[in-house]
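Undergrad: Before I ask anything, here is the structure I am working with.
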Amino acid sequence: MKKSFHVLVLLTLSAGLLFTSCGPGKKLLSSQARVDQLQKDSVNTHDRLMECNALVKNLQDDKALVENDLKVLTTESKMTIADQAKRLKNLQGIIQSQKDVMTKLKNSISEALVNYKADELTVYIKDGNVYVSLAEKLLFKSGSDVVNPQGKEALKTLAMAIGSAKDITVMIEGHTDNVPMKSKMFQDNWDLSTARATSIVRILTLDNGFDAKRITASGRSEFHPVSANTTDEGRALNRRTEIILTPDLKELFKILEQ
């Protein structure tokens, strides 16, 4: 009986020691888990803080750029306001001066060519340029790029009228109707229109002394008609050579670029 009692006491003490030793182990594991979680939270918080700092820096940089742009715009606005009236006045003065020059030139050409009929040539202003439109029958035979004597005389008169106008450039444009070419000399209407323009350039420069540096020849074939190609009258109007006089706009562009 005593032996059994001793055994029971021993077992009781052993169990107590066992339970006593297990209690602190669970708490330790719980504490370690908590520490791990706090460390993870700390790392996440640090990362978010770094992101926030980077965002703040970007916003500060953007703010500096905006402030600088505002300073530039403010300065430019003040300059524009201060100079606007003067600049506008200069532009208006140059534009009006160019209009006056081209109107005077148009009138001089019209007077010089007054003896020619309206169906032979017309002189007019369009888009700030002076146009002298010469009908085919005044200059050429059908399908030819050789200027006839009457056409040469008209071009001589024109050269005299524009020779003293130093601040203009001249474009010679050949135009045709839409009837396909039937000639061994010219491949198509492009070829004919360009050849006619070149012939006129040679007469103005070589025969009449116009400055070759201020003149250009171009052919536009059938693609810029002034009338429908459905009638003889319309096709006749489209078979023409246009001499386009353009004013020098360098001074105007200088002001616009300021």
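The values are calculated or read from the model by the stated rules, or taken from the named source; none is laboratory data. Quick caveat, the model's predicted, so the values are computed rather than measured. Positions of Cβ are generated from backbone atoms using ideal geometry, with glycine treated the same way; all protein chains shown enter the neighbour counts.
Per-residue answers, yes or no, for (1) under 19 Å from Ala236 (Cβ atoms); (2) among the charged types (D, E, K, R):
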| site | (1), (2) |
| --- | --- |
| Lys141 | yes, yes |
| Val147 | yes, no |
| Ile162 | no, no |
| Asn178 | yes, no |
| Trp190 | no, no |
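Undergrad: Something else now. Name every residue in the range 83-108 that is within 22 Å of Thr157 (Cα to Cα) and in contact (Cβ under 8 Å) with a residue 60 or more places away in the chain, in order of residue number.
TA: Within the range 83-108, Val101, Met102, Leu105 qualify.
Undergrad: Report yes if Lys250 is modelled with pLDDT of 95 or more and of a type in the set (D, E, K, R), otherwise no.
TA: In short, no.
Undergrad: Starting from residues that are under 25 Å from Lys104 (Cα atoms) and not β-branched (Val, Ile, Thr), keep the ones in the range 166-206 and report whichever is surrounded by the most Cβ atoms within 10 Å (Cβ to Cβ).
TA: Leu204
Undergrad: Looking for whichever is assigned to a helix (DSSP H, G or I), surrounded by 10 or more Cβ atoms within 10 Å (Cβ to Cβ), among the β-branched types (Val, Ile, Thr) and at pLDDT 75 or above here; the options are Val56, Val66, Val101. Which one fits?
TA: The match here is Val101.
Undergrad: So which residues in the range 127-151 are under 20 Å from Ile109 (Cα atoms), modelled with pLDDT of 95 or more and exposed (fewer than 15 other Cβ atoms within 10 Å of the Cβ)?
TA: Scanning the range 127-151 gives Pro149, Gln150.
Undergrad: Take Val123 and tell me if it is among the β-branched types (Val, Ile, Thr), out of contact with any strand residue (DSSP E or B) (no Cβ under 8 Å at 6 or more places or on another chain) and free of Cβ contacts under 8 Å to residues at least 60 places away in the same chain. I'd like the intermediate steps shown before the answer.
TA: Working: among the β-branched types (Val, Ile, Thr): yes; out of contact with any strand residue (DSSP E or B) (no Cβ under 8 Å at 6 or more places or on another chain): no; free of Cβ contacts under 8 Å to residues at least 60 places away in the same chain: yes.
Judged against the criteria, Val123 is not a match.
Undergrad: Let me ask something additional. Looking at the range 104-120 only, could you name the residues that are in contact with a strand residue (DSSP E or B) (Cβ under 7 Å, 6 or more places away or on another chain), crowded, with 16+ Cβ neighbours inside 10 Å and not aliphatic (A, V, I, L, M)?
TA: Lys106, Ser110, Glu120
Undergrad: In addition: Can you tell me which condition Thr74 does not meet? The list is (1) modelled with pLDDT under 95; (2) under 16 Å from Ile168 (Cα atoms), and all the others hold.
TA: The single condition Thr74 does not satisfy is (2).
Undergrad: Still on this structure: State the number of residues belonging to the range 216-241 that are under 25 Å from Gly163 (Cβ atoms) and surrounded by fewer than 17 Cβ atoms within 10 Å (Cβ to Cβ).
TA: 2
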